[in-house]
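Working notes, structure below.
The values are calculated or read from the model by the stated rules, or taken from the named source; none is laboratory data. Keep in mind that what you see is a predicted model, and the values were worked out from it rather than measured. We place every Cβ from the backbone using ideal geometry, glycine too, and count neighbours over all the protein chains shown.
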Amino acid sequence: MHPSVSILVLNYNGLAHLDDCLRSLLRAASAYAGPCAVVCVDNRSTDGSRAFVRERYRSVEVIEAPANDFLFSLNAVVAAREEEIVIVVNNDMRFDENFVGPLAAHFANPEVFAAGAAIFDWAGASHTVGPRCARLRQFWFHKWWRCDRQQTALTLEACGGAAAYRRPMFVELGGFDPLFRPGYYEDLDLSYRAWGRGWSVVYEPRSRAYHRESASMLARFGDTAKARLLYRNHLLFTVKNIGGAAFLAGFFLCLPYRVLSPLLRGYQVPLRGFLQALPKLPLALRKRLARVDPPPDLSRFEQVTPLAVPPVARA
């Protein structure tokens with residue numbers, strides 16, 4: 001038996017992208033050996049997206065979110081689905097025909113929470129993600145993609161733009177944390193919390209997505225605003241999740257230097273990101289104090305840990 005799958009396409013005013021996205025996803029759903037639904041989760045689009053999907057792609061289910069809540073609209077949708085696995089994808093992507101099977105194969109292992117796909121640029125010329133590595137140095141959380149290690153492997157994070165989740169575990173964790181609204185770091189936070197439960201997250205390069213970069217809603221914020229948001233959410237993620245009391249004390253002691261010293265070079269992003277984070281820091285700290293599960297050992301993610309490649313059944 002192959003696990004049932006629903007592919008959730010998050011859409012807001014993405015009319016220009018939906019043909020490439022949905023056409024390729026329907027091919028991928030048909031190629032999967034088990035049941036696979038394609039669902040457009042629309043964040044109250046005003047560009048005719050919903051009517052377009054209903055008229056052009058009648059086999060695609062359309063769910064209209066109560067409000068435009070960015071990626072966090074998916075929490076209620078995932079909770080209401082019945083499939084065993086949900087695959088979350090952006091609307092500004094297209095997908096290989098063999099996209100679903102390699103991701104779904106990992107869920108034969110009951111400890112697997114999520115499987116992240118390989119993401120290329122739109123032309124397919126370069127990888128933009130790989131296994132996620134991380135380490136703690138000088139009271140700072142460092143993370144990076146190993147794009148040069150395109151192999152099935154453990155990863156700290158399944159990139160939420162093209163990732164499969166075991167639905168009951170996703171619901172048990174409460175989904176994406178709105179602390180990070182409007183976006184960035186919510187997918188890392190979700191995977192991090194899964195590792196704390198003793199579950200695992202894998203990177204699967206046989207599943208391929210192609211991303212039209214700078215086309216998504218968050219990308220259109222602009223580079224400077226995006227950089228501030230990334231810095232803000234890095235701080236919130238760290239305060240919520242990383243290290244013990246000694247690490248957190250060192251983090252706060254070093255933070256004024258990290259925020260203010262870039263001003264000498266005319267770089268204002270850390271300061272502005274910190275000021276944006278400041279009102280949310282108490283909530284992040286309360287979430288930290290309420291945490292029951294132990295944090296994962298980040299030392300295991302300093303290097304890539306390859307995994308055996310699970311077989312993929314053909315339709």
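Observations on the model:
- Taking every residue in region 279-300 that is farther than 18 Å from Leu136 by Cβ and pairing it with any residue that is loosely packed, with under 13 Cβ neighbours inside 10 Å, at least 6 positions away or on another chain, the pairs with Cβ-Cβ distances below 9 Å are Asp293/Gly198.
- Phe95 more than 21 Å from Phe176 (Cα to Cα) and in contact with a Gly (Cβ under 7 Å, 6 or more places away or on another chain): no
- Residue in region 105-114 that is touching a residue at least 60 places away in the same chain (Cβ under 8 Å), touching a His at 6+ places or on another chain (Cβ under 7 Å) and over 22 Å from Asp42 (Cα atoms) present: yes
- Close Cβ contacts (under 6 Å, 6 or more residues apart or on different chains) running from residues in region 254-270 that are in the same structural domain as Val239 (by TED's automatic domain parsing) to residues that are of a type in the set (A, V, I, L, M, F, W, C) comprise Cys254/Phe139; Val259/Leu271; Val259/Phe274; Val269/Ala227; Pro270/Val259.
- Test for Gly116: is it surrounded by fewer than 24 Cβ atoms within 10 Å (Cβ to Cβ) and under 13 Å from the mean Cα position of the chain (by Cα): no
- Test for Gln276: is it within 22 Å of Leu71 (Cα to Cα) and either in contact with a helix residue (DSSP H, G or I) (Cβ under 8 Å, 6 or more places away or on another chain) or not assigned by TED's automatic domain parsing to the domain that holds Asn91 (or both): yes
- Within the span defined as region 235-244, one or more residues are loosely packed, with under 15 Cβ neighbours inside 10 Å and over 17 Å from the mean Cα position of the chain (by Cα).
- Inspection of region 268-284 finds no residue satisfying the criterion of being touching a Phe, Trp or Tyr at 6+ places or on another chain (Cβ under 7 Å) and of a type in the set (S, T, N, Q).
- Search result, residues across region 245-272 that are surrounded by fewer than 17 Cβ atoms within 10 Å (Cβ to Cβ), under 22 Å from Ala290 (Cβ atoms) and not small (Gly, Ala, Ser): Phe247, Leu248, Phe252
- Pairs, first not assigned by TED's automatic domain parsing to the domain that holds Leu230 in region 124-146, second modelled with pLDDT under 95 and crowded, with 19+ Cβ neighbours inside 10 Å, C-beta under 9 Å, six or more apart: Val129/Gly161
- Counting only strands (runs of 3 or more DSSP E) that fall entirely inside region 1-109 and contain at least 1 residues that are polar (S, T, N, Q), within 23 Å of Ile119 (Cβ to Cβ) and in the same structural domain as Gly124 (by TED's automatic domain parsing), the qualifying elements are 5-11, 85-90.
- Enumeration of residues in region 1-24 that are aliphatic (A, V, I, L, M) and in contact with a strand residue (DSSP E or B) (Cβ under 8 Å, 6 or more places away or on another chain): Val5, Ile7, Leu8, Val9, Leu10, Leu18, Leu22
- Single unsatisfied condition, Arg206 versus (1) in a strand (DSSP E or B); (2) buried (at least 21 other Cβ atoms within 10 Å of the Cβ): (2)
- Filter result for Val86 (β-branched (Val, Ile, Thr), closer than 18 Å to Asp187 by Cβ and surrounded by 18 or more Cβ atoms within 10 Å (Cβ to Cβ)): yes
- Qualifying residue in region 50-61 (condition: under 22 Å from Pro182 (Cβ atoms) and within 21 Å of the chain's Cα centre (by Cα)): no
- Where Phe251 falls short, out of the listed (1) modelled with pLDDT of 95 or more; (2) in contact with a Pro (Cβ under 8 Å, 6 or more places away or on another chain): (2)
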